[in-house]
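Only one structure is covered here, and it is reproduced in the block below.
The values are calculated or read from the model by the stated rules, or taken from the named source; none is laboratory data. Values in this document were obtained by computation on a predicted structure and should not be read as measured data. All Cβ positions, glycine included, derive from the backbone under ideal geometry; neighbour counts span all protein chains shown.
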Amino acid sequence: MSIKGLSTELRSLTVFRALLEDPTIGKLADFLEWTEASGGAETDCCTLKRGIDLYCGFVSSLYNDHTPSLAGHISGVVNMDMNIYIRSISVNSEVSQPLKASVERELAILQHLADLTAEELTACIGWDSPLPGFDTEHIDIAEVYNYRCANIGKFGCGLYAKYYMFYLETDGTITPVRWPDPISLDQLIDYKREQDLIIANTRAFLAGRPAANTLLTGDAGTGKSSTIKAIVNEFHDEGLRIIEIRKDQLTLIPHLLDELSGNPLKFILFIDDLSFTKGDDNFSALKAILEGSVSARSRNVVIYATSNRRHLVKESFADRDGDDIHRNDTVQELVSLSERFGLHVTFRKPNKETYLNIVHHLAGAAGITLPEEELDLQAERFVLSRGRSARAARQFVDSLLAAE
């Protein structure tokens with residue numbers, strides 16, 4: 001296949017046709033069409049300027065995509081493409097032989113595109129002055145793509161192939177977190193017993209074994225939310241994804257479960273700082289989901305929630321001692337929601353020893369060399385008005401770094 005013939009081949013893409021809408025590939029296709037129409041190096045001034053403009057526009061787009069090479073860019077967009085072939089594989093649907101043959105043919109075309117060099121392209125322009133180049137590397141596009149398809153339960157497709165943390169928009173749109181919190185498990189000091197319970201549940205979930213909806217409760221700043229994010233950072237390469245949902249979006253969960261049910265990846269629906277007032281409609285919505293409707297028992301979705309309250313519902317003395325003849329039933333209704341989580345893990349406020357242990361670890365990791373006695377004295381003084389917590393320990397160490 002010649003470089004000029006590649007333009008026509010690109011326009012024949014069918015399974016991967018959406019790739020022509022990618023700005024970088026689209027600009028490269030326009031340049032290749034120019035080479036075919038211009039007849040090569042024997043061009044007039046206007047045609048030459050057009051060729052330079054098209055080529056430099058393509059390279060500029062490649063630069064702005066922050067990929068090191070044309071091959072890297074093409075491999076990336078191929079692996080993210082949500083075409084009929086990958087959608088069929090993701091739901092274990094049978095793929096026809098003509099479709100398989102089309103994928104094979106088109107991957108060969110894209111391989112030729114990925115192997116192009118700046119020297120080959122600029123030679124088509126016929127201009128002696130230097131033009132910007134780009135990195136060249138060989139990536140076996142078909143090999144990488146077929147491997148990812150065979151392991152789609154770990155890699156995913158579409159946005160889920162590129163990102164692993166998401167949040168839910170007001171209209172229900174799933175949007176990626178482009179710069180996720182990089183917190184790791186080894187940065188979370190103490191609370192190992194609590195973390196191990198959640199890790200074991202997550203491992204069971206990833207292995208396809210029964211896993212529990214999980215509630216993390218305890219004092220503010222004890223690392224509940226950080227633990228969940230760190231677990232996702234740890235296991236996203238094994239096919240784990242997380243979608244954060246606000247309390248006022250709980251009614252969207254049934255629709256979300258339907259949307260995710262055919263996805264080969266595993267999803268945590270993360271509800272942070274969960275609490276309700278009596279009569280809150282969202283209370284009933286979450287309760288119904290946790291009670292186990294058919295959609296709520298999706299094999300690839302679990303709910304992880306955090307709360308500073310043990311029973312999630314803010315009770316008043318009237319709830320306990322009012323004139324309700326069945327006040328015991330009322331109280332049980334209020335506390336029943338937390339009991340519907342299969343796993344309940346409590347993060348308790350650290351005592352002095354635990355708090356200082358966290359401070360010592362964080363200070364050591366940050367390179368702070370204060371004498372231990374002085375460090376402890378300042379750490380205790382720091383929490384006089386706010387109470388001990390893992391968050392306070394990190395804030396204290398940050399304050400020392402800021403003062404340097």
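Below are the figures for this structure:
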{"read-out": "Selection from region 260-279 of residues that are more than 12 Å from VAL302 (Cβ to Cβ) and touching a residue at least 12 places away in the same chain (Cβ under 8 Å)", "value": "SER261, GLY262, ASN263, PRO264, LEU265, ASP272, ASP273, LEU274, SER275, PHE276, THR277, LYS278"}
{"read-out": "Sole residue being surrounded by 14 or more Cβ atoms within 10 Å (Cβ to Cβ) and touching a Cys at 6+ places or on another chain (Cβ under 6 Å), chosen from ILE86, ILE52", "value": "ILE86"}
{"read-out": "Qualifying position, being over 20 Å from the mean Cα position of the chain (by Cα) and at pLDDT 95 or above, among SER60, SER93, SER129", "value": "SER60"}
{"read-out": "Among (1) part of a helix (DSSP H, G or I); (2) modelled with pLDDT under 85 - the single one THR251 does not satisfy", "value": "(2)"}
{"read-out": "Of all residues in region 362-391 being modelled with pLDDT under 90, of a type outside the set (A, V, I, L, M) and part of a helix (DSSP H, G or I), the one that is nearest to LEU185 (Cα to Cα)", "value": "ARG391"}
{"read-out": "Answer from LEU286, LEU269 - the residue that is assigned to a helix (DSSP H, G or I), at pLDDT 75 or above, assigned by TED's automatic domain parsing to the domain that holds LEU197 and within 22 Å of ARG241 (Cβ to Cβ)", "value": "LEU286"}
{"read-out": "Some residue of region 16-39 being small (Gly, Ala, Ser), within 33 Å of the chain's Cα centre (by Cα) and farther than 20 Å from GLY5 by Cβ", "value": "yes"}
{"read-out": "Subset of region 201-242 [in a loop (DSSP other than H, G, I, E, B) and free of Cβ contacts under 8 Å to residues at least 40 places away in the same chain]", "value": "ALA207, ARG209, PRO210"}
{"read-out": "Listing of helices (runs of 4 or more DSSP H) fully contained in region 105-200 that carry 3 or more residues being out of contact with any helix residue (DSSP H, G or I) (no Cβ under 7 Å at 6 or more places or on another chain) and either among the aliphatic types (A, V, I, L, M) or within 30 Å of GLY51 (Cα to Cα) (or both)", "value": "118-123"}
